[in-house]
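Trainee: Next up is a structure, given as structure tokens.
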Amino acid sequence: QVMLVAGGNDVAHALARDCAGDEASFVARMNRRAAELGMRQTCFANATGLPAEQYSTAADMALLACQVYENEILRPMGAVQRYELSLPQGGRQFRNTNRLIHEYPWVKGMKTSYSAFAGKCLVACGVRNDRAVVVVVLGSLPRRIWAESLKYLNWALEV
């Protein structure tokens, strides 16, 4: 859940290790699953999404987001405003990096990201009147990502 709420690259590395033994094996599994989902323009190179020889498209990220939304375990994870991780040595609270979740109760997730190469990116889900839509904005400027994503969410939910 930390990865969906606040990034958590250290958690991504631990997940890769614990699920597949090492990151390379995990990435191979990610790429197989992406192909199964029809993500034809995606190639992962690491578990974090940080810059490397990897690529994807907004359309492929939308395919993945729809799969996350359909998963009853994952769907609510990206929609929480805060998540507290309890550890034996004490807890740590994470605030969701998706600003829209804090401002609009009908926004239900999903994931923010940023790198100097990719710019500000947001995969967002909105739900109104029992209708859910996914919007993917890649390569935006940090100050514009929220307004752009909100505009597309509103448009898609009003069509």
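Trainee: Within the range 81-94, which residues are assigned to a loop (DSSP other than H, G, I, E, B) and open to solvent by 60 Å² or more (accessible area, probe 1.4 Å)?
Mentor: The answer is Gln81, Ser86, Leu87, Pro88, Gln89.
Trainee: Please give the number of the condition Leu85 fails out of (1) in contact (Cβ under 8 Å) with a residue 40 or more places away in the chain; (2) within 14 Å of the chain's Cα centre (by Cα).
Mentor: Tallying (1) in contact (Cβ under 8 Å) with a residue 40 or more places away in the chain; (2) within 14 Å of the chain's Cα centre (by Cα), Leu85 fails exactly one: (2).
Trainee: Which residues, counting only those in the range 8-30, are open to solvent by 20 Å² or more (accessible area, probe 1.4 Å) and within 24 Å of Cys125 (Cβ to Cβ)?
Mentor: Across the range 8-30, the qualifying residues are Asn9, Val11, Leu15, Met30.
Trainee: Okay, moving on. State which residue is surrounded by the most Cβ atoms within 10 Å (Cβ to Cβ) when the search covers only the range 95-111 and only residues that are free of Cβ contacts under 8 Å to residues at least 60 places away in the same chain and in contact with a strand residue (DSSP E or B) (Cβ under 7 Å, 6 or more places away or on another chain).
Mentor: Among those residues, the one meeting the criterion is Asn98.
Trainee: Continuing with the same structure: Is it the case, given these coordinates, that Arg144 is free of Cβ contacts under 8 Å to residues at least 60 places away in the same chain and open to solvent by 50 Å² or more (accessible area, probe 1.4 Å)?
Mentor: Against the criterion (free of Cβ contacts under 8 Å to residues at least 60 places away in the same chain and open to solvent by 50 Å² or more (accessible area, probe 1.4 Å)), Arg144 qualifies.
Trainee: For the range 53-72, what are the residues that are open to solvent by 50 Å² or more (accessible area, probe 1.4 Å) and not aromatic (Phe, Trp, Tyr)?
Mentor: Those that are open to solvent by 50 Å² or more (accessible area, probe 1.4 Å) and not aromatic (Phe, Trp, Tyr): Glu53, Ala59, Leu63, Leu64, Cys66, Gln67, Glu70, Asn71, Glu72.
Trainee: Just to be sure before I move on: is Ala12 outside any loop (DSSP other than H, G, I, E, B), of a type in the set (A, V, I, L, M, F, W, C) and under 16 Å from the mean Cα position of the chain (by Cα) in the structure I sent?
Mentor: For Ala12, the condition - outside any loop (DSSP other than H, G, I, E, B), of a type in the set (A, V, I, L, M, F, W, C) and under 16 Å from the mean Cα position of the chain (by Cα) - is met.
Yes/no matrix, rows are residues, columns are (1) assigned to a loop (DSSP other than H, G, I, E, B); (2) in contact with a strand residue (DSSP E or B) (Cβ under 7 Å, 6 or more places away or on another chain):
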| residue | (1), (2) |
| --- | --- |
| Met3 | no, no |
| Gly49 | yes, yes |
| Leu63 | no, no |
| Val68 | no, yes |
| Leu74 | yes, no |
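Trainee: Every residue in the range 115-141 that is touching a strand residue (DSSP E or B) at 6+ places or on another chain (Cβ under 8 Å), surrounded by fewer than 16 Cβ atoms within 10 Å (Cβ to Cβ) and at pLDDT below 90, please.
Mentor: Leu141
Trainee: So if I check each of Ala12, Ala6, Ala24, which one is small (Gly, Ala, Ser) and within 27 Å of Ala147 (Cβ to Cβ)?
Mentor: The unique qualifying residue is Ala6.
The values are calculated or read from the model by the stated rules, or taken from the named source; none is laboratory data. Keep in mind that this is a model prediction, so the values were computed, not measured. Cβ atoms come from the backbone with ideal geometry, glycine included; neighbour counts cover every protein chain shown. Accessible surface areas use protein heavy atoms only, side chains included; no ligands, DNA or RNA. Shrake-Rupley method; radii C 1.70, N 1.55, O 1.52, S 1.80 Å.
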